[in-house]
Amino acid sequence: MLDLYGKIKESLGVCKGLLLVEPDTKLRRQNRIKTIQATLAIEGNQLTRDQVTAIINNKRVIGPKNDITEVENAIKVYEHVWSYDPHNPSDLLKAHARMLRGLADQPGIFRNSQVGIANGNTITHIAPPAERVPQLMHDLFEYLLHDDDLPIIKSCVFHYEIEFIHPFEDGNGRMGRLWQTLLLMKVDPIFAYVPIESMILERQQSYYDALVASDQSGESTPFIEFILSIIQTTLADLVDDTKAVPNDYQQRKNHLITHLDTWFDRKTYMELCKGISTATASRDLNRMVSEGLLKIQGSGRMRKYHV
């Protein structure tokens, strides 16, 4: 477990070095779409990434009404991720109310009946009685606030306990994954743009197996180790997506074409092509203008470019 934790910290360092503060706008958007589509697909939502993208762009999509509502709700929730305090129980209820609006009878309220989890005809987990849920959730938030576990480990424990306690009638899976992301964002803001849910979807059966293994053993270690491996793999993929820092003109030009589709200035270009000088940036941009690749607007310090 500590070995995985060490690899995660190392990957975070590489990510921060490559991305400066956060990924570029296009990558952030792509990863947010991956997150929303994946966390809902895990629960059976049939909409594709292209359909999720269309909904984000306010385009009409044909599909099951509930699936579309789930996506619309999730978009609203993830638009507000920075406004939620993951250590505040009230914010968990607010987020659930937004996530399940129009989908559950009592969104934003803990369940008042017994629930279980089935795999086909087999019951794989019986959640604690409804009357115990408020105290169990209180204890879980107290753990977040006062326990000495590493914050990344706490995020995994919280995720598991949400699945174990099953505090809501519906939406527990997506809330557990969302809240782990919020807790990880407290460790490093880069996690707001890391599509961990997408990797969970790819290994969905292993995800369920880890939950069952923890349930049967009476401790969360199997699930923690699984989620740590998911975090590490997702970070490694993010590094691969951004690692190729362009080091010659042709590479920088291709990088620009791939990552900038709005008006931009020289400073933005320098941030995109990390490590180049002001003189190199100016030469590159002038050359791309002369080649007909870039349109220009304004002059001097107000000059903007567009592919």
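Just so you know, all these numbers are worked out from the coordinates, no wet-lab data involved. None of the values given here were measured: they were computed from a predicted structure. Using ideal geometry, Cβ is built from the backbone for each residue, glycine included, and neighbour counts are taken over all protein chains shown.
Listing for the model above:
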item	result
Ascending count of other beta-carbon atoms within 10 Å, so fewest first, for Ser299, Ser282, Ser214, Ser155	Ser299, Ser282, Ser214, Ser155
GNM flexibility winner over the chain from Arg287, Arg49, Arg98 (Cα, springs under 10 Å)	Arg287
Crossing angle, helix 65-79 versus the chain [Cα axis fit, 0-90 degrees, rounded to tens]	70 degrees
The chain: relative contact order as a whole-number percent, Cα under 8 Å and 6+ apart	19 percent
Within straight-line cross-link reach of Lys304, lysines at Cα separation under 18 Å, skipping those fewer than 8 residues along the same chain	Lys253, Lys267, Lys295
The chain - charge dipole about Cα centre, Lys and Arg +1 at Cβ, Asp and Glu -1, debye rounded to 20	2040 debye
Nonlocal amide H pairs with His125, under 5 Å, H built at 1.01 Å	Ile117
Neighbour-count ranking [beta-carbon atoms within 10 angstrom, fewest first] of Phe226, Phe264	Phe264, Phe226
Exposure proxy order (Cβ contacts within 10 Å, fewest to most) of Arg252, Arg29	Arg29, Arg252
Choice from Ala118, Ala192, Ala104 with maximal GNM fluctuation in the chain (Cα, 10 Å cutoff)	Ala118
Principal-axis tilt of helix 151-165 within the chain, Cα atoms, nearest 10 degrees	40 degrees
The range 256-266 - phi-based ³J(HN,Hα) in whole Hz, Karplus 6.51/-1.76/1.60, Gly and Pro as x	5, 4, 6, 10, 10, 10, 10, 5, 8, 10, 4
Of Ile224, Ile75, Ile55, the one that fluctuates the most in a GNM where the chain has Cα springs shorter than 10 Å	Ile55
Inter-probe distance in nm under a simple model that places probes 7 Å from Cα toward Cβ, at Arg287 and Asp209	5.1 nm
Summed residue charge, Cβ within 9 Å of Tyr84's Cβ, Lys/Arg positive, Asp/Glu negative	-1
